[in-house]
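The values are calculated or read from the model by the stated rules, or taken from the named source; none is laboratory data. Bear in mind the structure is a predicted one, so any value in this text is a computation, not a measurement. Quick reminder, even Gly has a Cβ in these numbers, built from the backbone with ideal geometry, and neighbours come from all protein chains shown. The area values use the complete protein model at the heavy-atom level, side chains included, leaving out ligands, DNA and RNA. Shrake-Rupley method; radii C 1.70, N 1.55, O 1.52, S 1.80 Å.
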Amino acid sequence: MGYFDEKFHKREKKYRRNYEIDDSLYVRLEQLSTVYDATITDLVNASLEHLIESEKISLYKKADNDFSVTHTLLIRESNLAGLEELKAKYGVSIYKLVNIAIRNALDES
């Protein structure tokens, strides 16, 4: 089973969460979901996992014409726990951490 452990995540409980995501980021996620065999939720979970591992919390200025829209996503339990730890450690809201995670992942791709 070692090969599959490298390719796939183990099944994990997922929770429905509503997050305000900057529209410009969400549009880019929508575009990537047509390129990769991944849903927007998969892309967000991967972004969160990367942020939790790297702890690269870098605030960015939001464009004046950009607005946030609430989206409902299924977030893995480990990512929720990781977000709570980052919130406690850095004092940054979950909403901001989610947007930072997505932005970091998009900037690296």
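Taking the criterion of being in contact with a strand residue (DSSP E or B) (Cβ under 8 Å, 6 or more places away or on another chain) and either in a helix (DSSP H, G or I) or among the aromatic types (Phe, Trp, Tyr) (or both), the residues of region 69-81 that qualify are Glu77, Leu80.
Pairs meeting the criteria (first residue in region 61-85 and hydrophobic (A, V, I, L, M, F, W, C), second residue modelled with pLDDT of 95 or more and loosely packed, with under 11 Cβ neighbours inside 10 Å, beta carbons under 9 Å, at least 6 apart or on different chains) are Leu73/Arg16; Leu73/Asn18; Leu74/Arg16; Ile75/Arg16. Among the residues of region 12-68, those that are within 17 Å of Ala81 (Cα to Cα), in a loop (DSSP other than H, G, I, E, B), touching a helix residue (DSSP H, G or I) at 6+ places or on another chain (Cβ under 6 Å) and open to solvent by less than 70 Å² (accessible area, probe 1.4 Å) comprise Glu12, Ile57.
Selection of region 78-103 for residues being surrounded by fewer than 18 Cβ atoms within 10 Å (Cβ to Cβ) and under 12 Å from Glu49 (Cβ atoms) yields Ser78, Leu80, Ala81.
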